[in-house]
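Notes for the one structure printed next.
The values are calculated or read from the model by the stated rules, or taken from the named source; none is laboratory data. Predicted, not measured: the structure shown is a model, and the values here were computed from it. Here Cβ is always computed from backbone atoms with ideal geometry, including for glycine, and neighbour counts include all displayed protein chains. Just the protein is used for accessible areas: all its heavy atoms, side chains included, with ligands, DNA and RNA removed. Shrake-Rupley method; radii C 1.70, N 1.55, O 1.52, S 1.80 Å.
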Amino acid sequence: MRTVKNATFFHFSTSTNYQKGKSYSFGDKLNNFYRFYENYKPAITADENGKNVILSEYTKYIRECIFEEVRQKEFPDYPSRKKCIWLVPPSLESLKFWHAQLPESRSLVKFTCSGLVHEGDERFLTTMYFNFPLQRKLAELYWSGENVLEDVNSREVLFYGAATAVEIYELQPRNLKIPDAATLGIPERM
């Protein structure tokens, strides 16, 4: 965990609620990801490929509960995955990686951030069906920051604090095209 002041990060959003020039505060209420689970009422039991949607969602939720349990116990000062905003480091490679993970995004928001960040490796978030001891170990590695520098693309940034939207780029869902590095004002590689 570290403190940042006026640092640039990006956020993929499935909504278009952010406004250029407006400041936002993160860390004091449930984020959209957790609100989804608070209000989850499955309408279907399987997707078009026959995958069990309910099992998949509840397994993700259990994983998140385990990660939060480990954070509260061993890393209580770190930003919670329940109340943070997820950000992406300012590199074109990272943005391409995360856009492929979040193809339904409708906008890419460039933020200037001041507050607390935790950088974790998203590879530790692999859902293991009902293997709680392994999930706890993965959570410990995630919160410790283990391997985060090995592959900058898989780095996710959890943020608490004040963020100002300095630019908003509209995206087309399922179209993985994003603005180039020069337009975004970032290096192609970190």
Note to self: Can you tell me which residue is modelled with the lowest pLDDT among those in region 18-32 that are closer than 23 Å to His99 by Cβ and polar (S, T, N, Q)?
What the structure shows: Asn32
Next item on the list: State whether one or more residues within region 181-188 are under 18 Å from Leu87 (Cα atoms), open to solvent by 30 Å² or more (accessible area, probe 1.4 Å) and either at pLDDT below 85 or in contact with a His (Cβ under 8 Å, 6 or more places away or on another chain) (or both).
Entry: yes
Margin query: Looking only at region 33-51, how many residues end up being modelled with pLDDT of 75 or more and touching a strand residue (DSSP E or B) at 6+ places or on another chain (Cβ under 9 Å)?
Written below: 1
Next item on the list: Assess whether Ser15 counts as being closer than 30 Å to Ile186 by Cα, surrounded by 14 or more Cβ atoms within 10 Å (Cβ to Cβ) and at pLDDT below 95.
Entry: no
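Condition check ((1) closer than 17 Å to Val166 by Cβ; (2) buried (at least 19 other Cβ atoms within 10 Å of the Cβ); (3) in contact with a Phe, Trp or Tyr (Cβ under 6 Å, 6 or more places away or on another chain)) across all residues:
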{"position": "Pro89", "(1), (2), (3)": "yes, yes, no"}
{"position": "Glu93", "(1), (2), (3)": "no, no, no"}
{"position": "Ser107", "(1), (2), (3)": "yes, no, no"}
{"position": "Thr112", "(1), (2), (3)": "yes, no, no"}
Check: Among the listed residues Glu38, Glu64, Glu57, which satisfies the condition of being surrounded by 13 or more Cβ atoms within 10 Å (Cβ to Cβ), more than 16 Å from the chain's Cα centre (by Cα) and among the acidic types (Asp, Glu)?
Finding: Glu57
Checklist line | strands (runs of 3 or more DSSP E) contained in region 1-100 and holding at least 2 residues in contact with a helix residue (DSSP H, G or I) (Cβ under 8 Å, 6 or more places away or on another chain) | finding: 2-13
Next item on the list: Could you please find all residues in region 126-160 being open to solvent by less than 20 Å² (accessible area, probe 1.4 Å) and either under 16 Å from Cys65 (Cα atoms) or at pLDDT 90 or above (or both)?
Entry: Gln135, Ala139, Tyr142, Trp143, Val157, Leu158, Phe159
